[in-house]
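Engineer: To start, I am sharing the structure in question, which I have written as structure tokens.
The values are calculated or read from the model by the stated rules, or taken from the named source; none is laboratory data. Everything numeric in this text was worked out from a predicted model, so none of it was measured. For neighbour counting, all protein chains shown are included, and Cβ atoms are generated from backbone atoms with ideal geometry for every residue, glycine included.
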Amino acid sequence: MDSVVSELEGTLLKGGDPFSYFMLVAFEASGLLRFALLLILWPVIWLLDMLGMGEYGLKLMVFVAIAGVSESEIESVARAVLPKFYLDDIDMEAWKVFSSYDKRVVVTKMPRIMAERFVKEHLRADEVIGSELVISRFGFATGFVKGNIIDSYISSRVAKLFIDEKPCLGQGRVASSFLSLCKVSISNLKLM
């Protein structure tokens, strides 16, 4: 079975920065105050990314945008609001390659709950690998994620999914470590 593993941000989506999607979630799920707080923190997030600590910037975005929001509200925003913006940002060339394979896996920096519905319904992916939110027993997001968001963690999850064989194709940024697990890889150089 032909298989492909593709990165969502910067490959299937033209934009490599998920900040705007977190802004949408913050605004739609909680309103203007959380939106403004995330906007004020943007220089800190950008600086963390420039210093090579992008994981911490991403965790900060997740915390500010999602902490205290109910899981059902996050799912509602992911179902009703985010798909329109994702569709506007689709890279059609990357999607054509992605859609030509039998087994399709998408890797994302965002929490899986934010991307899974869109990726499975609109891009026809079979699996989505992303971070998992920590949800309290009352159904509210704590703002923390289970595990790490770093590439090595994502790579290990891809490896577990393809135990018996390597994926035929990997699409992603040059720095994406999961590309080494694929038989053939296409690096997205326009981000560098």
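Engineer: Restricting the stretch 105-144 to residues that are more than 23 Å from Val69 (Cα to Cα) and either free of Cβ contacts under 8 Å to residues at least 12 places away in the same chain or among the acidic types (Asp, Glu) (or both), which is surrounded by the most Cβ atoms within 10 Å (Cβ to Cβ)? Please lay out each step first, then the result.
Structural biologist: Initial filter on the stretch 105-144 (more than 23 Å from Val69 (Cα to Cα)): 105-107, 120-127.
If we keep only those that are either free of Cβ contacts under 8 Å to residues at least 12 places away in the same chain or among the acidic types (Asp, Glu) (or both) too, we end up with 120-121, 126-127.
Values: Lys120: 15, Glu121: 11, Asp126: 15, Glu127: 18.
Once the filter is applied, the top-ranked residue is Glu127.
Engineer: Yes or no: Gly54 under 14 Å from Met110 (Cα atoms) and free of Cβ contacts under 8 Å to residues at least 40 places away in the same chain?
Structural biologist: Details: under 14 Å from Met110 (Cα atoms): yes; free of Cβ contacts under 8 Å to residues at least 40 places away in the same chain: yes.
Judged against the criteria, Gly54 is a match.
Engineer: Go through the stretch 158-177 and give me each residue that's in contact with a Leu (Cβ under 6 Å, 6 or more places away or on another chain), among the aliphatic types (A, V, I, L, M) and modelled with pLDDT of 85 or more.
Structural biologist: Scanning the stretch 158-177 gives no hits.
Rundown of residues vs (1) free of Cβ contacts under 8 Å to residues at least 12 places away in the same chain; (2) at positive phi; (3) touching a helix residue (DSSP H, G or I) at 6+ places or on another chain (Cβ under 6 Å); (4) assigned to a helix (DSSP H, G or I), yes/no style:
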| site | (1), (2), (3), (4) |
| --- | --- |
| Ala36 | yes, no, no, yes |
| Leu58 | no, no, no, yes |
| Phe63 | no, no, no, yes |
| Gly68 | no, yes, no, no |
| Ile74 | no, no, yes, yes |
| Pro83 | no, no, yes, yes |
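Engineer: Let me ask something additional. Restricting attention to the stretch 111-135, report how many residues are modelled with pLDDT of 90 or more, in contact with an Asp or Glu (Cβ under 9 Å, 6 or more places away or on another chain) and either in a strand (DSSP E or B) or of a type in the set (Ser, Thr, Tyr) (or both).
Structural biologist: 4
Engineer: Right, something else. Go through the stretch 1-45 and give me each residue that's loosely packed, with under 13 Cβ neighbours inside 10 Å and touching an Asp or Glu at 6+ places or on another chain (Cβ under 8 Å).
Structural biologist: Those that are loosely packed, with under 13 Cβ neighbours inside 10 Å and touching an Asp or Glu at 6+ places or on another chain (Cβ under 8 Å): Met1, Asp2.
Engineer: Could you tell me which of the residues Asp89, Asp102 is surrounded by fewer than 19 Cβ atoms within 10 Å (Cβ to Cβ) and touching a Leu at 6+ places or on another chain (Cβ under 8 Å)? Can you show your working first?
Structural biologist: Working: Asp102 fails: touching a Leu at 6+ places or on another chain (Cβ under 8 Å).
Residue meeting the stated conditions: Asp89.
Engineer: Please specify each residue of the stretch 49-64 satisfying the condition of being in contact with a Leu (Cβ under 6 Å, 6 or more places away or on another chain) and crowded, with 16+ Cβ neighbours inside 10 Å. Walk me through it before giving the result.
Structural biologist: We begin by selecting, within the stretch 49-64, every residue in contact with a Leu (Cβ under 6 Å, 6 or more places away or on another chain); these are 56-57, 64.
Once the filter is applied, which keeps residues that are in contact with a Leu (Cβ under 6 Å, 6 or more places away or on another chain) and crowded, with 16+ Cβ neighbours inside 10 Å, the stretch 49-64 yields Gly57, Val64.
Engineer: Turning to a different aspect of this structure: Please determine whether any residue of the stretch 36-46 is touching a Pro at 6+ places or on another chain (Cβ under 7 Å) and of a type in the set (Val, Ile, Thr).
Structural biologist: Taking the stretch 36-46 first, the residues touching a Pro at 6+ places or on another chain (Cβ under 7 Å) are none.
Scanning the stretch 36-46, I find no residue that is touching a Pro at 6+ places or on another chain (Cβ under 7 Å) and of a type in the set (Val, Ile, Thr), so the answer is no.
Engineer: Looking at the stretch 62-75, can you tell me whether even one residue there is among the small types (Gly, Ala, Ser) and under 21 Å from Ser187 (Cα atoms)? Walk me through it before giving the result.
Structural biologist: First pass over the stretch 62-75, keeping only residues among the small types (Gly, Ala, Ser): 65, 67-68, 70, 72.
Imposing the further condition that a residue be under 21 Å from Ser187 (Cα atoms) reduces the set to none.
Within the stretch 62-75 (the criterion being among the small types (Gly, Ala, Ser) and under 21 Å from Ser187 (Cα atoms)), the answer is no, since none of the residues qualifies.
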